[in-house]
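Chemist: Following this message is one structure expressed as structure tokens.
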Amino acid sequence: MTAGRPSERPEPASAPAPEPDPTADQATKDAMSNATTVSPAHSASTASTLITNIAALVTNDPSSGDGSPLGLIQDAAVVIEGDRVAWTGDQSKAPATDNRVDAGGRAVVPGFVDSHSHLVFAGDRTQEFNARMSGRPYSAGGIRTTVAATRAASDEELEANLTRYLTEALRQGTTTFETKSGYGLTTHDESRALRIAAAHTDEVTYLGAHIVSPDYADDPAAYVALVTGEMLDACAPYARWIDVFCEKGAFDGDQARAILTAGKAKGLHPRVHANQLSYGPGVQLAVELDAASADHCTHLTDEDIDALANSRTVATLLPGAEFSTRAQWPNARRLLDAGVTVALSTDCNPGSSFTSSVPFCVALAVRDMGMTPDEAVWSATAGGAAALRRDDIGHLAPGARADLLLLDAPSHVHLAYRPGVPLVSGVWRRGLRVV
């Protein structure tokens with residue numbers, strides 16, 4: 001496993017944390033069972049906080065603790081100053097601070113980094129899922145169903161839906177998320193999706209090239225021209241990334257290269273939906289264009305894996321999609337053994353992976369994709385940060401952003417050991433306790 005790559009720009013603004021609530025400490029105490037908080041008078045912007053009595057602290061800093069990629073410290077403590085981690089180490093050596101939190105013998109891990117989601121949409125596809133799981137044929141429109149519902153929704157409805165799933169994800173430990181457009185497929189609807197998303201995160205991806213718009217079913221070349229022209233011009237101000245679904249039935253290698261190259265010319269960095277449904281050019285194209293991430297990576301040749309291993313492109317695996325479609329699992333073991341940097345994310349979307357739970361994806365990756373618990377937790381934190389080319393998140397070394405989770409368990413291994421159990425009992429984002 002490889003540490004996260006250096007960021008390519010100043011740290012972006014995250015989704016704003018909830019305003020401090022004068023009752024927050026007591027509410028959090030109630031939610032956290034044995035944990036206690038004292039001296040809460042100082043604000044997070046100026047105060048220092050010691051979290052002590054941590055059974056196991058995952059830092060993702062190999063220079064710390066046991067020297068593994070997780071940088072695991074037993075009987076640990078961590079100090080937060082403002083929105084940053086100031087110190088980690090043995091709790092017996094912890095410095096004095098303004099505030100103190102007793103973790104009660106629980107584990108602490110970095111906040112999850114969900115580097116692939118599709119959260120700006122309307123409607124759902126319950127009937128499609130039910131038919132698929134029941135073995136019945138289903139002839140409705142798939143992505144096109146969501147496109148129709150999204151176009152018909154108001155801005156307020158789309159934002160309410162987005163914030164609902166963001167809140168859901170935060171309760172499960174996601175402190176950084178990426179999200180995409182792709183359910184509008186008109187200049188107006190793609191740009192408004194990105195504008196809405198950009199109010200909540202800087203990790204915004206333009207995915208006008210999700211599928212060929214139904215309006216251009218008979219003229220895909222004209223749709224590519226729209227995606228690389230007028231639509232790109234309208235969307236680029238709201239996005240950091242550009243993505244394309246490079247797959248049979250969506251966009252071929254030449255079309256995908258044209259779309260990503262046009263995005264790069266506008267200052268957007270590539271990501272690629274690659275090799276999900278079949279073998280194809282997606283991974284090789286991602287490496288060629290220095291994409292931050294090739295996502296899905298289910299059907300890979302040896303040449304694809306070699307290309308990833310010798311590049312900066314992260315292989316982002318999305319086990320929620322295979323779970324929800326009963327598809328072939330990606331072979332994470334094959335990637336890891338070759339030295340590829342791997343991320344784990346939810347792919348939260350209404351059609352093929354309607355989960356916002358990174359812990360669930362960690363459990364799937366361990367159970368069905370050949371990952372160890374350590375590898376899966378690293379990939380859901382530091383791996384996600386690498387897929388976003390961020391070095392300020394995904395780890396808990398001094399200077400990192402203070403995004404961290406308190407688990408109602410003595411070890412991070414419980415994320416895979418106890419699947420489906422709500423283990424996240426406390427969340428700090430930017431140094432503020434938000435769950």
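Chemist: Would you grab the residues whose amide H sits under 5 Å from the one on residue 246? Only those 5+ places off in sequence or on another chain, please, with H modelled 1.01 Å from N.
Modeler: For residue 246, whose amide H was placed from the backbone, the distant partners under 5 Å are 273.
Chemist: What does the charge dipole of the chain about its Cα centre add up to, to the nearest 20 debye, if the Cβ of each Lys and Arg holds +1 and the Cβ of each Asp and Glu holds -1?
Modeler: Rounded to the nearest 20 debye, it is 480 debye.
Chemist: Run lengths n ≥ 4 of DSSP H only: what is the helix-derived mean residue ellipticity at 222 nm for the chain, with -39500 (n - 2.57) per run over all residues, to the nearest 500?
Modeler: -8500 deg cm²/dmol
Chemist: Taking H placed 1.01 Å from N in the peptide plane, check which residues at least 5 places from residue 269 or on another chain put their amide H under 5 Å from its amide H.
Modeler: 241, 242
Chemist: Moving to a separate point now. Exposed loop sites here are trypsin sites (Lys or Arg not before Pro) in DSSP loop states with at most 10 other C-beta atoms within 10 Å. What is the longest stretch of the chain lacking them?
Modeler: 1-247
Chemist: So, one more: Can you compute 3J(HN,Hα) from phi for each residue in the stretch 200-214, using the Karplus curve 6.51 cos²θ - 1.76 cosθ + 1.60 with θ = phi - 60°, rounded to whole Hz and x for Gly and Pro?
Modeler: With the stated coefficients, the stretch 200-214 comes to 10, 7, 8, 8, 10, 10, 7, 10, x, 8, 7, 9, 5, 4, x Hz.
Chemist: Do any chymotrypsin sites (Phe, Trp or Tyr not before Pro) in the stretch 43-144 lie in a DSSP loop with no more than 15 other beta carbon atoms within 10 Å, and if so, which?
Modeler: Taking the stretch 43-144 and a limit of 15 other Cβ atoms within 10 Å, the loop chymotrypsin sites (Phe, Trp or Tyr not before Pro) found are 138.
Chemist: Compute the length gained on full extension between residue 152 and residue 217: take 0.36 nm times their separation in residues and subtract their Cα-Cα distance, giving the result in nm to one decimal.
Modeler: 21.4 nm
Chemist: Let a ≥ b ≥ c be the square roots of the eigenvalues of the Cα gyration tensor of the chain; is it rounded (a/c under 1.5), or, if not, prolate (a/b larger than b/c) or oblate?
Modeler: The shape class here is prolate.
Chemist: All other residues with a Cβ under 13 Å from the Cβ of residue 212 taken together, and with Lys, Arg as +1 and Asp, Glu as -1, what is their net charge?
Modeler: Around residue 212, the surrounding residues sum to -3.
Chemist: Quick one: pull the percent of accessible area on the chain belonging to carbon and sulfur, 1.4 Å probe, ligands and nucleic acids left out.
Modeler: The value for the chain is 51 percent carbon and sulfur by accessible area.
Chemist: State the antiparallel share, in %, of DSSP beta bridges confined to the chain, rounding to the nearest 5.
Modeler: The antiparallel fraction comes to roughly 50 percent.
Chemist: Provide 188, 269 ordered by accessible surface of protein heavy atoms (probe 1.4 Å), highest first.
Modeler: Largest accessible area first, the residues go 188, 269.
Chemist: Count charges around residue 336 for me, please; just the other residues with Cβ under 12 Å from its Cβ, Lys/Arg as +1, Asp/Glu as -1.
Modeler: Counting the neighbours of residue 336, the net charge comes to -1.
The values are calculated or read from the model by the stated rules, or taken from the named source; none is laboratory data. Computed from a predicted structure; not experimentally measured. Every residue, glycine among them, receives a Cβ derived from its backbone with ideal geometry; neighbour counts consider all protein chains shown. We work out accessible area using only protein heavy atoms, side chains counted, and drop any ligands, DNA or RNA first. Shrake-Rupley method; radii C 1.70, N 1.55, O 1.52, S 1.80 Å.
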